[in-house]
Amino acid sequence: MYGKGLRALSLATFAALTATFALVFFYAPLDADQGFIQKIFYVHVPVAIVTLCAYVLGAIFAALHLRTRDRRWDLRSYVVIHIALIFNILGLLTGAIWAKASWGHWWVWDEPTLVSFLIVFLLFATYQPLRFSIEDPERQARYASVFAIMAGAFVPLNFVAVRAATAYVHPRVLGTTNGGLPSQMALVFVLAIVAMALLFALLCCYEIAAKQTRWQLRALRRRLLGSDAVAPLGRSAAPSLGEPARGGSVTRAPRNPAEAAS
Amino acid sequence: MRPSIALLRKDLLLERRAPEAIPAMLLFSVTTFVLFHFGLGRDEVAGQLAAGVLTVTLLFAAILGINRLFVAEQEEGGFDGVLLAPIDRTALFVAKAAGLFLFLALVELVAVAAFAILLLGPSPWPGLPGLVLVLALLNVALAVVGALVSALAIRTRARDLIVPIVALPLLTPALIAAARATAPLFDAAGASGPPTKWLAVLALYDLVFGLLAYAVFDFLLED
């Protein structure tokens, strides 16, 4: 059965997000310099942290795929990078809004985190085109894993280079000890990170469950209606491990009543 | 090591008999300098601007070479030859990266001279030793990342599209470090040595991506 525990995870994410936003608006103190706009910090920074961790996670999954040759790791790597890309766009947009509000410009070049974030986005935006341009699913998975490993290692290295290149404007909330972040803010901030991580995990679980369900549905239709009734999948950037003769790692329904009985 | 040297010698021989990548990269670099002259509307550049023009031009020229790097292997069955031969597959990676490094060094020999004549304001001589060091480190970065990206893209449908869109973001940290390290060498007020901070970043980049590309290249050559 796919999507096990999705309901519990959904409820936990909903509760965590609601609690976080309630605390952001009613509990966390107003920032002395920036006022209300500073509250976007509780969205922007957690989104950015989750994005970067997710890219590294995608690289780890890709390495596991190359090591074990289990295509499910490729699926996980794909989904993690896919959702991380969406979070990345969200982080860029919230970053731009915050920059406009506190520094008066939509884009600030002397701000290493935002710039590295853009470069990382540009790199990972090529993940899907790369996958799409390789037809053989096995090779697609392998090449995509190689790319994901390189790109995952690129994330921290890129931050070193860009940070060294720019003057410090960005608030260093985590760098210094206690970072000048009051304990009330810190508490809400930690909760916001947990909520964003939960949201990320939830979206990944949903996508994996949706993909596996679709494959299972196709397999069932093929068995019931014959292979002619199911149109072959077109070229796709997404991994396709539920298709016949493409890796047998997906749990399948029993083929006939005798098999089901045993 | 010997298979790598044999493969490298094959590539160099090929390039000498039928010059293809090096002349193209060279012409491209010089044309780009002319374009920069008109695009920037300047007769002379110095400092950070000069460093940027030089490094960006070399980066784009390298993209041309990266695009062509595995074409012979793909079209004439060189991949099968390497897979059939009783040698380590990474020998091909080492040979290709070394070949690209040598190609880039040859191109820079002429391109930097052309740059100094056409565009550079201050005299290039005081900063030359530092420039050689920075370009050597930059070439290592271009060679290892280029060899990997080229192998990644060669068997995709949109080969010449995949190479630049993957390689350019991946090489951004190397470009940042190289451009910043080169800037003081072209300073209008007199050259000073390249900052060690940027040389260290560039060397770190070379090391990390060199080891990583060496480790994962195997997986690109399996079928």
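The values are calculated or read from the model by the stated rules, or taken from the named source; none is laboratory data. Model, not experiment: these values are computed from the prediction. Neighbour counts run over all protein chains shown; Cβ positions are idealised from the backbone, glycine included. Just so you know, the surface numbers come from the protein's heavy atoms only, side chains and all, with ligands and any DNA or RNA stripped out. Shrake-Rupley method; radii C 1.70, N 1.55, O 1.52, S 1.80 Å.
Annotations
- Furthest towards positive pole of dipole, B:Trp125, B:Leu27, A:Gly95, structure part the protein assembly as shown, Cβ charges: A:Gly95
- Extension gain, A:Tyr27 back to A:Ala229 (0.36 nm per residue minus Cα-Cα distance, nm): 66.9 nm
- Residues A:Met185, B:Met1, ordered by accessible area of protein heavy atoms at a 1.4 angstrom probe radius and largest first, appear as B:Met1, A:Met185.
- Between the stretch B:1-76 and the stretch A:85-115, the alpha-carbon center distance in angstrom: 35
- For the stretch B:2-222, the spread of Cα coordinates along the three principal axes comes to 58, 33, 30 Å, biggest extent given first.
- Cβ neighbours within 10 Å from other chains - mean over B:206-213: 3
- Other-chain or far-sequence residues with amide H under 5 Å of B:Val45's (modelled H): B:Leu120, B:Gly121
- Solvent-accessible area buried by pairing B with A, both sides, nearest 100 square angstrom, 1.4 angstrom probe: 2800
- Here the stretch B:2-222 is assigned +1 on the Cβ of each Lys and Arg and -1 on the Cβ of each Asp and Glu. Its dipole about the Cα centre then comes out at about 100 debye.
- Using θ = phi - 60° and Karplus 6.51 cos²θ - 1.76 cosθ + 1.60, couplings along the stretch A:148-158 (whole Hz; Gly, Pro as x): 4, 5, 4, 5, x, 5, 5, 4, x, 5, 4
- Entry for the stretch B:1-118 at q = 0.19, 0.22 Å⁻¹: log10 I(q)/I(0) = -0.95, -1.16, Debye formula applied to identical alpha-carbon scatterers, no solvent contribution.
- The stretch B:110-223: relative contact order as a whole-number percent, Cα under 8 Å and 6+ apart: 36
- Per residue, the solvent-accessible area of the stretch A:1-107 (1.4 Å probe, heavy atoms of protein chains only, all protein chains present) comes to 50 Å².
- Across chain B, Cα pairs under 8 Å and at least six residues apart give a relative contact order of 30 percent.
- For the residues of B:162-174, the average number of beta carbons from a partner chain within 10 Å of their own beta carbon is 6.
- Backbone HN-Hα couplings from phi across the stretch B:17-22 [Karplus 6.51/-1.76/1.60, Hz, Gly and Pro as x]: 6, 10, x, 9, 6, 5
- Spatial offset of the stretch A:190-234 relative to the stretch B:84-101 amounts to 40 Å, using the alpha carbon center of each.
- Accessible surface of chain B, 1.4 Å probe, proportion on carbon and sulfur as whole %: 68
- Each label was represented as a point 7 Å from its Cα along the Cα-to-Cβ direction; for B:Leu27 and B:Asp223 these points are 3.7 nm apart.
- Cβ-Cβ distance of B:His37 and B:Leu211, R₀ of 35 Å, FRET efficiency by 1/(1 + (r/R0)^6): the value works out to about 0.30.
- In order along the stretch A:3-14, phi translates into HN-Hα couplings of x, 5, x, 5, 5, 4, 5, 4, 5, 4, 5, 4 Hz, rounded to whole numbers, per the Karplus curve 6.51 cos²θ - 1.76 cosθ + 1.60 with θ = phi - 60° and x for Gly and Pro.
- Sites A:Thr213 and B:Val56 - FRET efficiency at Förster radius 41 Å, r taken between beta-carbons, to 0.05: 0.30
- Å² per residue, accessible surface of chain B at 1.4 Å: 44
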